[in-house]
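The values are calculated or read from the model by the stated rules, or taken from the named source; none is laboratory data. Just so you know, these numbers come straight off a predicted model, no measurement behind them. Here the Cβ positions follow ideal geometry from the backbone for every residue, glycine too, while neighbour counts run over all protein chains shown.
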Amino acid sequence: MIIERFSKTVIASGILRFYVATGFFGISLFFLFNVNLFTPMEIVLGIVFATVFLKTLSNVMLSLLILLFNLDNKKAELDFKYHTQKIDELLSELTTVDSNSKNTSTTN
């Protein structure tokens, strides 16, 4: 659940699309400045293959981010919250029992 939310946030942020778009325009500018060295077919194929490569690389980066995402801190935080709630419940139960015992001792 946490990893799904994290990956959806990364995808929705648009950073991967920005990475691919920047690479696309960089490759396009490279071929534009070196147009006399390449044929039109080489330029089109170079742009297409470079864009596909950058898209693949961005997906690999996302996969590595998800793979290396550490859940130990989140687990410790959830355990702490659980134990805190449990202690609070026990303390409230103890105060209730204590106040009930005081009420019964004063009425007798």
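Table for the structure above
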{"read-out": "Number of the condition not met by residue 36 [criteria: (1) loosely packed, with under 12 Cβ neighbours inside 10 Å; (2) part of a helix (DSSP H, G or I)]", "value": "(2)"}
{"read-out": "Close pairs (8 angstrom Cβ cut-off, 6 or more residues apart or separate chains): over 14 Å from residue 55 (Cβ atoms) and assigned by TED's automatic domain parsing to the domain that holds residue 43 in segment 20-31, part of a helix (DSSP H, G or I) and not aliphatic (A, V, I, L, M) anywhere", "value": "31/46"}
{"read-out": "Selection from segment 50-108 of residues that are among the basic types (Lys, Arg) and either more than 30 Å from residue 17 (Cβ to Cβ) or touching a residue at least 60 places away in the same chain (Cβ under 8 Å) (or both)", "value": "74, 75, 81, 86, 102"}
{"read-out": "Residue in segment 62-76 that is under 30 Å from residue 14 (Cα atoms), modelled with pLDDT of 90 or more, in a helix (DSSP H, G or I) and in the same structural domain as residue 13 (by TED's automatic domain parsing) present", "value": "no"}
